[in-house]
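Asks: Shown below is the structure under consideration.
The values are calculated or read from the model by the stated rules, or taken from the named source; none is laboratory data. Keep in mind the model is a prediction, meaning the values are calculated, not measured. Because the Cβ atoms are built from the backbone with ideal geometry, glycine has one as well, and the counts that use them run over all protein chains shown.
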Amino acid sequence: MNYAERLQNVTVLGAAGKMGSGILLLTAIEMADLSFLPENKDKNFILNAMDISDDALSGLMRYLKVQVKKLAEKKMVLLRKMYADRDDLIENGEIIEEYVFDVMNMVRPVTSLEPAYKSNIIFEAVAENAALKIKIFKQIDDNNPNKPWFFTNTSSVPITKLETEAGLKGRILGFHFYNPPAVQKLVELILTENTMKETEEFALEYAKKLKKKIVYSNDFAGFIGNGHFMRDALYGINKALELAEKEKLSIPEAIYIVDKISRDFLVRPMGIFQLIDYVGVDVCSFIMGVMNPYLADEDLHSPVLDKMLELGVKGGQFSSGAQKDGFLKYEKSRPVAAYDFETKQYVDFSEFQAKCDAKIGAIPKTQKPWKAVNFDKKKLDILEDYFQELNETNTFGGKLAVDYLNTSKQIGWKLVNMNVAKTDDDVNTVLLTGFYHAYGPINNY
Amino acid sequence: MKKLRKKVYMAAGYNTISLGTGRKEFNPKKPRPGLEHYIKEAGKATLEMIGGAKNVDECVIGNFMSARFNKQGNLAGFFPMIDPGLRYKPAVKVEGACGSGGLALATAIKTILTDTAEVVLTLGVEVQNTMKAIYGADVLAGAGWFQKRKDGHAYFFPGQFSDRAGAYYEKYGKEKTRLGMATWFKNAVENARLCPTAQEYHNTVEDLLALGLTEPNGKFFVDNLSVYDCSKVSDAASCLIVASEEGLKRCGIDKKDAVEVIGFGQAEEDLTQDPEDLCELSTTKEAVRKAFEHAGITKDDLATIELHDCFSIAGVLATEAIGLAKPGKGAEYIAAGNTSRTAKIPINTTGGLIGWGHPTGGTGVHQAVTIWEQLTERAGDSQVPIPADRPYGLTINMGGDDKTLVSIVYKRG
C-alpha cells in the first residue's frame, strides 16, 4: 500500500474537537491534493469525521467549509492549474467553489465507529483518557480487516501503554500536533519499541506534505512539550502562592505579577496563567494527572487547579475561538481581571495594577514585547542585550524573571537527562515551534 | 483632429481619500462606506465650490464595475441623490474599464463643445474593497477579453503586466529594469506621503527601494512582479466641473482658478488581440501623440504629468510612450531620478496609482483633479514648481492592457 492508497480511507476520531477539527482540515486538504493527481483521478477518497455529538459535527462542517475556502483563496495560482481541464470553470470564484465542494465531498460526518472499520489510518484526538482510547482502538481493530495504523494525538499518555493494552503491536505511533494544528508547525513524533518502519516513514512523509516540523520524543508521559509546559505552569502557580504569602499580596495580585513577569520580562507570547487558560485549566489538570504516576522524584500536581475545577472555572475556548475566563478574565481576548479562588470573584486589574507594577519595578529599558522581537531579523542580538540588562537589574520583578528563566532551563535539562528529549536542541525546537517562544529554554541568557 | 472650437476649462476639483490597505482607517473586517457615500462626498464638495447644483447643466459619471463590486447599475441615477437640485438634469454613465474616468472627462468636454451645456459635473468612482482581492481579480479581468480569462492568471491583470515585464527583462536586462521599477515605487510612496488623501499617506517604511526590489514569486503571485509593483485595491471618488468660459463665469470661478483643456487624444485598440509588442504601449503612444498634436505642444513644454502606473512596469513603458525615454531606456530614465518630484518634469506628484491609489473607474478624474491642483498652485505639500516657459500638464488614463486611452493637455486658465 503506497502513500496515496493509505490515505484513500481515513478516520479522524474526535473530529469536532479543538485538535480533531484541525487534523481533519489538514488531512482533508492533503487527500484532496492527492485526488487531483492524474493517477488518482478515478479513485474515491473517504475521510470519516467521527464524533459523538451531532451538534458538534454540524459546527465542524461549517468550520471546515470556511477554512477550506480560506485556504483555497490563498492557493489560487495552484488551483487554476489543478482545474485547467475544466472548461466550465473560468473565474477564480467558480474554481474556489468547486474546490470547496470537492474537499467537503470526501468528508463523512459520522457518530458511530463502524465507518472506521474500512479505514487504513485512524487519527485519534478524543479526550485524554487512556481507558477510552484503548477501548475504541480495540473495537476498531477487532472489526477492521485492513490491519489499520493508529496515529494518536495524545499529549501525555505513553504510546506503549496504548499499544500493549489495545493489542496493536507495531501499528501505532504518537503524532502530536500543537494547538491549533492548522497553524502550529510542530509535531512531536513518538514511536514505541515495535512501531513498524513503514508506519514511521509514512508519518514522516505525511508531516512533510503538511509542512510540519517533526521532533522525535521518547515515549515518556507528557513527552517534551507538556514535559516542559506542565512543570513550568506548576512553578508559576506555586510562585504566585508563595508571593501571596510572603509578600502579603492578594491572590489576584500575585497572579497578575507572575503572569506579567512570565510574559513581559520573559518575552513570551502569553503569560503563564493566560497560557493555562488557553489550553484549559481542566486539560492542564488532566495532563498532570496522567503524567504524575510516571514521575518518581517529583509531584506534578496542583491543589489550586483542583480547586478551580471544583468551582467550575475551566478556561479553554468558545467554539468561536474566543477565550473563556479562567485564572484571568478576558475582554476581546485580553486579560482584564484575575480570579480570587477564595472569594470566588474576579478583581479588575485596575484596582491593583499600579501597586503591583510599582512592586515589580521598572522593566529593563531594552525590553521589547514578544511580537516585536520574534519576527525581527536581529532577534538574537535584541534578546542578548535584553537578558544581559535583565541579569544586572536588582528590581523585585527582575529577580523573579531570572529565577523563572533558570527554572525553565532546569526543566529543559531535566527532559534531556530523563531521555525524554534526545538533545537540548530538540527541547528548544519544541518550545520555539510548538509554543512560539522567541528563544529556547536551554540558552546562555 | 480639429482644434477645439471654443475654450473648455476644468475647475472645482475634489478627491475623497483613497481607502484600502495602508490607510489607518481601513479595517477589512468592519463595514465601510459604500458607493453612495463616495459619490455624495465628492459631488457635494464640487457643488459647494461652484455655487450649488443650480449652476450644473449636465452630469457624467465614470465607473468600471459597480455592477459586480457593488451589485449596482444605473449610476447616473445617483446624481440627484447628491443634491435635489440635480433632479431631471441630463446624466450619463460611461465605462471603459480603468479608463472610465478619462472617458467621463472626454464625454464632458464634448458636451461642452456641442453648446448644449456650459457646466458639466464630472465624477469618477469605484468602490472595490467589497470583496477579497482574489475575487476582485475576476471582476477586474473584465477589462480584458473574457474569452481569454480561462488561460489567464489567477491575478489576471498582474499576470498581463507580468508578461510585459518578463519580455522587457529579457530584451533589455532584468537588473536595471527592476531598479527602475523599484525607484518608481519609492517615488510613488514618497509623493503619497505628502498628500493626505493618498492611500500610502500613512506609509512609514524606511528603505522603500529595498522593498521595491522584492523578488517576484510566481508560486504565490505572478512571475515578474511583486505586490510592490502593483497598485492596490482602492475605494475613492473624484469630482470636478468641465465648463465653458460662460460656465465658469456663471459659477463665479476666476479663470486663474481653472485649467484650460488645450488638447486631448483618445485611442481605442482591439480588445480581442494580444499586444503586438509586449515592450511597448502602442495605444498610449498614439493617444499622447494625438494630444500633443491637438494641443500644439511637445513633451519639452510639460511642467508635470499624471500617468497610468497601474503597475510599475506600466510607468516604465509610459515614459517611453510619451517620448521622455527611448525604447528600452525607460527604467534607467527613472532610476536616474528623472521622474521624481525634484526632476525637470515630475511625474505623479501625489503618488499616482501605486501611491495615491487606483479606484479603477475613478482614476481618470482623479488625475485631472491632481493636475488642476498643481497648475493652479493649490497642491499644498505636494506642490511642484510650474515654470512660466513650460506651463503644461499632461494626463494619461488607460483602460485594460493598453486598450482604452484618453490623454489630455492642460494649462492654467
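Asks: Residue under question is A:Ala15, and the condition is that it be assigned by TED's automatic domain parsing to the domain that holds A:Glu97, at pLDDT 95 or above and closer than 30 Å to B:Asn217 by Cα; does it hold?
Replies: Here the answer is no, as A:Ala15 does not meet what is asked.
Asks: Inside the range B:190-228, can you point out the residues that are buried (at least 24 other Cβ atoms within 10 Å of the Cβ) and within 16 Å of the chain's Cα centre (by Cα)?
Replies: Residues satisfying the conditions are B:Asn191, B:Ala192, B:Cys195, B:Ala198, B:Gln199, B:Glu200.
Asks: Test of understanding: among A:Val267, A:Val283, A:Val215, which residue is in a helix (DSSP H, G or I) and either crowded, with 17+ Cβ neighbours inside 10 Å or touching a residue at least 60 places away in the same chain (Cβ under 8 Å) (or both)?
Replies: A:Val283
Asks: Can you name the residue in the range A:282-305 that is over 20 Å from A:His176 (Cα atoms) and hydrophobic (A, V, I, L, M, F, W, C) and is also farthest from the chain's Cα centre (by Cα) among such residues?
Replies: Looking at the filtered set, the residue picked out is A:Ala296.
Asks: While we're here: Hey, among the residues in the range B:369-413 that are assigned to a loop (DSSP other than H, G, I, E, B) and hydrophobic (A, V, I, L, M, F, W, C), which one's nearest to B:Pro196 (Cα to Cα)?
Replies: B:Ala379
Asks: Kindly list the number of the only condition in (1) touching a residue at least 60 places away in the same chain (Cβ under 8 Å); (2) closer than 22 Å to B:Ala295 by Cβ; (3) in contact with a strand residue (DSSP E or B) (Cβ under 9 Å, 6 or more places away or on another chain) that fails for B:Lys403.
Replies: (2)
Asks: Something else now. Where in the range A:379-440 are there helices (runs of 4 or more DSSP H), lying wholly inside it, with at least 3 residues that are of a type in the set (Val, Ile, Thr), under 28 Å from A:Asn179 (Cα atoms) and not assigned by TED's automatic domain parsing to the domain that holds A:Lys212?
Replies: Hits in the range A:379-440: A:396-417.
One line per residue, one yes/no per condition, for (1) touching a residue at least 12 places away in the same chain (Cβ under 8 Å); (2) of a type outside the set (S, T, N, Q):
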| site | (1), (2) |
| --- | --- |
| A:Lys314 | yes, yes |
| A:Gly321 | no, yes |
| A:Ser333 | no, no |
| A:Val347 | yes, yes |
| A:Ala362 | yes, yes |
| A:Lys365 | yes, yes |
| A:Trp370 | yes, yes |
| A:Gly398 | yes, yes |
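Every residue, every condition in (1) surrounded by 22 or more Cβ atoms within 10 Å (Cβ to Cβ); (2) within 19 Å of B:Gly99 (Cβ to Cβ), yes or no:
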residue	(1), (2)
B:Lys290	no, yes
B:His294	no, yes
B:Asp300	no, no
B:Ile305	yes, yes
B:His308	yes, yes
B:Ala318	yes, yes
B:Gly323	no, no
B:Lys326	no, no
B:Gly330	yes, no
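Asks: Kindly provide the set of residues from the range B:139-152 that are more than 8 Å from every other protein chain (Cβ to nearest Cβ) and either part of a loop (DSSP other than H, G, I, E, B) or on the phi > 0 side of the Ramachandran plot (or both), ordered by number.
Replies: Residues satisfying the conditions are B:Gly144, B:Trp145, B:Asp151, B:Gly152.
Asks: Please specify each residue of the range A:236-248 satisfying the condition of being surrounded by fewer than 20 Cβ atoms within 10 Å (Cβ to Cβ), touching a residue at least 40 places away in the same chain (Cβ under 8 Å) and in a helix (DSSP H, G or I).
Replies: A:Asn238, A:Leu241
Asks: Among the candidates A:Tyr445, A:Tyr339, which residue alone is aromatic (Phe, Trp, Tyr) and within 20 Å of A:Asp259 (Cα to Cα)?
Replies: None of the other options fit; the residue is A:Tyr339.
Asks: May I ask you to list pairs of residues, at least six apart or on different chains, whose Cβ atoms are under 7 Å apart, with the first in the range B:22-35 being more than 18 Å from B:Cys230 (Cβ to Cβ) and among the hydrophobic types (A, V, I, L, M, F, W, C) and the second being outside any loop (DSSP other than H, G, I, E, B) and modelled with pLDDT of 95 or more?
Replies: Every condition considered, the pairs that remain are B:Leu35/B:Ser66; B:Leu35/B:Val125; B:Leu35/B:Val127.
Asks: Looking only at residues that are in a loop (DSSP other than H, G, I, E, B) and not charged (D, E, K, R) in the range A:64-112, which one is nearest to the other protein chains (Cβ to nearest Cβ)?
Replies: A:Ile90
Asks: Here is a follow-up. Can you name the residue in the range B:105-133 that is closer than 30 Å to A:Glu73 by Cβ and not aliphatic (A, V, I, L, M) and, of all such residues, is farthest from the other protein chains (Cβ to nearest Cβ)?
Replies: Out of the qualifying residues, it is B:Gly124.
Asks: Got a sec? Which of A:Glu39, A:Glu30 is surrounded by fewer than 23 Cβ atoms within 10 Å (Cβ to Cβ), out of contact with any strand residue (DSSP E or B) (no Cβ under 6 Å at 6 or more places or on another chain), modelled with pLDDT of 95 or more and not in a loop (DSSP other than H, G, I, E, B)?
Replies: Checking each option against the conditions leaves just A:Glu30.
Asks: If you don't mind, there's one more thing I want to ask. Condition check: in the same structural domain as A:Leu210 (by TED's automatic domain parsing), surrounded by fewer than 24 Cβ atoms within 10 Å (Cβ to Cβ) and not small (Gly, Ala, Ser). Does A:Glu124 satisfy that?
Replies: No.
Rundown of residues vs (1) surrounded by 21 or more Cβ atoms within 10 Å (Cβ to Cβ); (2) modelled with pLDDT of 95 or more; (3) within 14 Å of chain A (Cβ to nearest Cβ), yes/no style:
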{"site": "B:Ala97", "(1), (2), (3)": "yes, yes, no"}
{"site": "B:Tyr135", "(1), (2), (3)": "no, yes, yes"}
{"site": "B:Ala154", "(1), (2), (3)": "yes, yes, yes"}
{"site": "B:Ala165", "(1), (2), (3)": "yes, yes, no"}
{"site": "B:Tyr168", "(1), (2), (3)": "yes, yes, no"}
